[in-house]
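Report on the following structure.
The values are calculated or read from the model by the stated rules, or taken from the named source; none is laboratory data. Since the structure is predicted, the reported quantities are computational estimates derived from the model, not experimental observations. Virtual Cβ from ideal backbone geometry, glycine too; neighbours counted across all protein chains shown. With ligands, DNA and RNA removed, areas are computed over all heavy atoms of the protein, side chains included. Shrake-Rupley method; radii C 1.70, N 1.55, O 1.52, S 1.80 Å.
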Amino acid sequence: MLSLKNLAFLAVFSVTASSISAQAPSTAPVSNPPATPSEIQEHIQHVTSGLMPAIVLRDDPHQAHKLSEQMAAMHVTGVSIAVIHQGAIEWAQGFGSATQGGPPVTADTLFQAGSISKPVATMAALRLVEQGRLSLDADVNTILKSWKLPAAAVAQGKPVTLRELLTHTGGTTVHGFPGYAADAPVPTLVQVLDGEKPANTPAIRIEAMPGSKWNYSGGGFTIMQEMVIDVTNEPFPKLLQDTVLTPIGMTHSTYQQPLPADRKVLAATPYDHEGKPIPGGAHTYPEMAAAGLWTTPSDIARYAIEVETSLEGKSNHVLSQAMTRQMLTAGMGNWGLGLEIGGSASNPYFSHGGVNEGFESIFLAYERGGEGAVVMTNAQGGSAIAEEIMRSIAAEYNWPDDHPTVKTAISVDPKMLADYVGSFELAPNFNLDITVDDGHLFGQATGQGKLRLYAESSTKFFPLEIDATIEFVRDDQGKVSKMILHQGGHDVSAPKK
């Protein structure tokens, strides 16, 4: 469930489709007449034939690709898309197969949302804040009952708050969670928090002074999950169903882990980056707030529409207008409460990515104007095609953001490339392996596909699929000792192993 934009390097098909046209509430902004069926089909055709990488090479005549071609090339079995236009879901459609050789992806096919679980879960926590049952700025330990966050010298006596957990500034550990295979024992939430077996991640602890820096932490959202359970005494899936999913109309969604048997017939099968099924199928995530949501693009689009209309004070099924504004106020690292904030000051958007084992997705929606989209895939590495689809949607619907960057590649002496070969540690258990093949440099992140790297200088390289730059750094002896990943406004230093 890693954050797509913050650690994703970090990612001929017979296209069968099932579409829906869903209407938004009557309060949704409408500036033009709704598109006709033929106009919608034209939009779909343009989107599915105009996929673009994050970076395009100057004077490259083959910049755009077809969805079917990219799905085949990237080993992506299924894709599902929902597009929001003028405050409504204009179209939602599936492509490819939910299971190889099985039924097609439809608009109702269920996918694991990965970290997109976080902003939806955040709504429940903020609702409790508005009810006076939680506080954004109190010490979390004054609320936690079943478990307490241990003190740490590095915190310098400063308490961790819910606001900090939701903005990834609490100084807490554990970036993401791998989940538990079908045949593996599943830990309790407290065992996850303490890193006790059968938990497969370290204990969630304080590693930096709260409020001192931005650092993406799924662990922080797991603490939030325990807080919500402690103050309501309700199972997390039921609480989310009653307070968020049902009021918004997310009728296909659930936080139940594992997925109930009666819903499995609607679920996509997860695949790895080579197109091989994940052994045992979908993993189980007891870290529900961080990674446990099963959903569809249409349901995430309904969440986005609710945020857009709630911000206008027109549809406040979960949060007030004032709380929604707080949620969308960018702070450190350009993050609001549970959401990444982008775009311009005059036309901001909110977004989040999601990566679970064999599922990768992304959504983006504008605060004003009722525009946005959701793309979900059942493939490890599916984030790369999801980003390409988003850029195609941005071009088709005239979004001001999410367009490719044009760069110029230069030639580098192949002998120099050999100095860069090796493994670089971006995070614990997450490496970027650099290799040379046929005179070209390639990078492959843990659990992801291999990407060719193009030179913009003798020390800086970039892939086409992701808007990121890799800079190699030499030590005093002239040996390559580390690399720096420049991505999304963040610089991550990775020592050579």
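Assorted remarks:
Okay, residues lined up against (1) open to solvent by less than 20 Å² (accessible area, probe 1.4 Å); (2) not in a loop (DSSP other than H, G, I, E, B):
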{"residue": "151", "(1), (2)": "no, no"}
{"residue": "154", "(1), (2)": "no, yes"}
{"residue": "163", "(1), (2)": "no, yes"}
{"residue": "187", "(1), (2)": "yes, no"}
{"residue": "222", "(1), (2)": "yes, yes"}
{"residue": "225", "(1), (2)": "yes, yes"}
{"residue": "229", "(1), (2)": "no, yes"}
{"residue": "234", "(1), (2)": "no, no"}
{"residue": "239", "(1), (2)": "yes, yes"}
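Residue-by-condition table, conditions (1) at pLDDT below 90; (2) among the small types (Gly, Ala, Ser):
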{"residue": "11", "(1), (2)": "yes, yes"}
{"residue": "14", "(1), (2)": "yes, yes"}
{"residue": "23", "(1), (2)": "yes, no"}
{"residue": "34", "(1), (2)": "yes, no"}
{"residue": "42", "(1), (2)": "no, no"}
{"residue": "54", "(1), (2)": "yes, yes"}
{"residue": "99", "(1), (2)": "no, no"}
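- Selection count, the stretch 302-340, where residues are within 23 Å of residue 81 (Cβ to Cβ), out of contact with any His (no Cβ under 7 Å at 6 or more places or on another chain) and open to solvent by 20 Å² or more (accessible area, probe 1.4 Å): 1
- Pairs, first under 17 Å from residue 446 (Cβ atoms) in the stretch 413-424, second modelled with pLDDT under 95 and in a loop (DSSP other than H, G, I, E, B), C-beta under 6 Å, six or more apart: 423/497
- Within the stretch 449-476, considering residues that are part of a loop (DSSP other than H, G, I, E, B) and either out of contact with any strand residue (DSSP E or B) (no Cβ under 9 Å at 6 or more places or on another chain) or aromatic (Phe, Trp, Tyr) (or both), the one surrounded by the most Cβ atoms within 10 Å (Cβ to Cβ): 449
- Taken over the stretch 110-139, the criterion of being farther than 16 Å from residue 296 by Cα, crowded, with 22+ Cβ neighbours inside 10 Å and among the aliphatic types (A, V, I, L, M) is satisfied by 123, 124, 125, 126, 134.
- Exclusive hit being crowded, with 24+ Cβ neighbours inside 10 Å and either within 20 Å of residue 202 (Cα to Cα) or more than 26 Å from the chain's Cα centre (by Cα) (or both), set 172, 142: 172
- Matching residues in the stretch 279-297 - criterion: being open to solvent by 10 Å² or more (accessible area, probe 1.4 Å) and in a loop (DSSP other than H, G, I, E, B): 279, 280, 281, 282, 283, 286
- Under the condition of being open to solvent by 10 Å² or more (accessible area, probe 1.4 Å) and either basic (Lys, Arg) or assigned to a helix (DSSP H, G or I) (or both), the residues counted in the stretch 361-408 number 6.
- Residues satisfying the stated conditions in the stretch 477-497, i.e. over 30 Å from residue 64 (Cβ atoms) and open to solvent by less than 50 Å² (accessible area, probe 1.4 Å): 478, 480, 481, 483, 484, 492, 494
- Of the numbered criteria (1) modelled with pLDDT of 95 or more; (2) surrounded by 18 or more Cβ atoms within 10 Å (Cβ to Cβ); (3) touching a helix residue (DSSP H, G or I) at 6+ places or on another chain (Cβ under 8 Å), the one residue 426 fails is (1).
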